[in-house]
Amino acid sequence: MNAAMTPEDVVRSFCRAVERRDVKELVGFFTDDAVYHNMPLAPLNGREAIEATLAQFITPASHVEFDILGLATQGRVVFTERVDRFEIAGKHVSLPVMGAFEVTADGKIAAWRDYFDMQQFTSQLG
């Protein structure tokens, strides 16, 4: 990412990149000390932890899509209302998510917080 991109540009690019399911590419969006917090779970600190977690749900999926329904920006924070869609082992999962991304001046994600119902995710996987 680069400093010429607005925080909104960075988040939209990240959400589109998810579809390519390239975990290394996705981790490149983050600062070295970034924090990723799926609110039902403990926060993850640093690129290595983020990479390991992304690999757990991106790699086994045959399709992933972050469909942005709404987006708002306040300073360097970007808020998203999304439906995250996955196809895993032939099962389709649609998960409503509210997310907040903190983007640095040089166009990296320093923090990513997602709010969703974990039970809604796991119940669709069976």
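Tabulated results
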item	result
Subset of the stretch 28-56 (residues that are hydrophobic (A, V, I, L, M, F, W, C), out of contact with any strand residue (DSSP E or B) (no Cβ under 7 Å at 6 or more places or on another chain) and under 16 Å from ASP114 (Cβ atoms))	LEU41, ALA42, ALA49, LEU54
Pick from the stretch 1-20, criterion buried (at least 17 other Cβ atoms within 10 Å of the Cβ) and touching a helix residue (DSSP H, G or I) at 6+ places or on another chain (Cβ under 9 Å), ranking: modelled with the lowest pLDDT	MET1
In the stretch 45-68, residue nearest to the chain's Cα centre (by Cα) [restricted to those that are open to solvent by 40 Å² or more (accessible area, probe 1.4 Å) and without any contact (Cβ under 8 Å) to a residue 24 or more places away in the chain]	ASP67
Single unsatisfied condition, ALA4 versus (1) out of contact with any strand residue (DSSP E or B) (no Cβ under 9 Å at 6 or more places or on another chain); (2) under 20 Å from VAL97 (Cα atoms)	(2)
Output for the stretch 69-93, where each listed residue is under 25 Å from SER123 (Cβ atoms) and surrounded by 15 or more Cβ atoms within 10 Å (Cβ to Cβ)	THR80, ARG82, ASP84, ARG85, PHE86, ILE88, VAL93
Filtered residue count, the stretch 94-125, keeping only those that are crowded, with 18+ Cβ neighbours inside 10 Å and of a type in the set (Val, Ile, Thr)	3
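The values are calculated or read from the model by the stated rules, or taken from the named source; none is laboratory data. Only a predicted model underlies this, so the values are computations on that prediction, with no experimental measurement involved. Glycine gets a Cβ as well: all are built from the backbone with ideal geometry, and neighbour counts include every protein chain shown. Each accessible area value is taken on the protein alone, full model and side chains, heavy atoms only, with ligands, DNA and RNA left out. Shrake-Rupley method; radii C 1.70, N 1.55, O 1.52, S 1.80 Å.
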